[in-house]
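Novice: Structure in structure tokens, see below.
The values are calculated or read from the model by the stated rules, or taken from the named source; none is laboratory data. In this text, all values refer to a predicted model and were calculated from it rather than measured experimentally. Note that each Cβ is placed from the backbone with ideal geometry, even for glycine, and that neighbours are counted across all protein chains shown. Surface areas here come from the heavy atoms of the whole protein model, side chains and all, with no ligands, DNA or RNA. Shrake-Rupley method; radii C 1.70, N 1.55, O 1.52, S 1.80 Å.
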Amino acid sequence: MTRIPNPGFGTFRLKDEVLKAIAANHDANPAQIALAWIQARDLVTIPSSTSAGHIQSNLAAFDITLSDEEMARIAELDCGERIADPDFAPAWD
């Protein structure tokens with residue numbers, strides 16, 4: 001298995017006002033919202049953490065159900081960047 005660092009929601013996106021607003025509506029943090037969005041799209045992610053608090057926070061994300069509107073608002077955050085671009089990938093551009 002290849003670890004692809006920073007898959008799509010880097011720290012800069014976790015500071016996005018849309019994610020913050022949605023997180024506030026769910027009494028969650030932006031990272032949890034990002035994980036909930038990924039799960040709702042039937043994608044698999046394995047968040048990495050050595051902190052027990054972060055691990056618990058990551059697991060709590062799977063109890064969050066986002067509305068269709070929230071899913072769409074997050075999808076609109078697309079900046080035209082690849083979510084994953086491992087070294088072994090072909091030159092797509």
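Novice: Residues that are modelled with pLDDT of 90 or more and open to solvent by 100 Å² or more (accessible area, probe 1.4 Å): does region 21-37 have at least one?
Specialist: Within region 21-37 (the criterion being modelled with pLDDT of 90 or more and open to solvent by 100 Å² or more (accessible area, probe 1.4 Å)), the answer is yes, since at least one residue qualifies.
Novice: May I pose another question? Does L77 fit the bill of being surrounded by 10 or more Cβ atoms within 10 Å (Cβ to Cβ) and at pLDDT 90 or above?
Specialist: no
Novice: Within region 12-48, count every residue that is part of a helix (DSSP H, G or I) and either more than 12 Å from the chain's Cα centre (by Cα) or free of Cβ contacts under 8 Å to residues at least 60 places away in the same chain (or both).
Specialist: Going through region 12-48 one residue at a time, the tally reaches 22.
Novice: Under 9 Å between Cβ atoms, at least 6 apart or on separate chains: pull out the pairs that start in region 49-61 with a residue that is more than 20 Å from A24 (Cβ to Cβ) and end on any residue that is modelled with pLDDT of 90 or more and small (G, A, S).
Specialist: S49/S57; S51/S57
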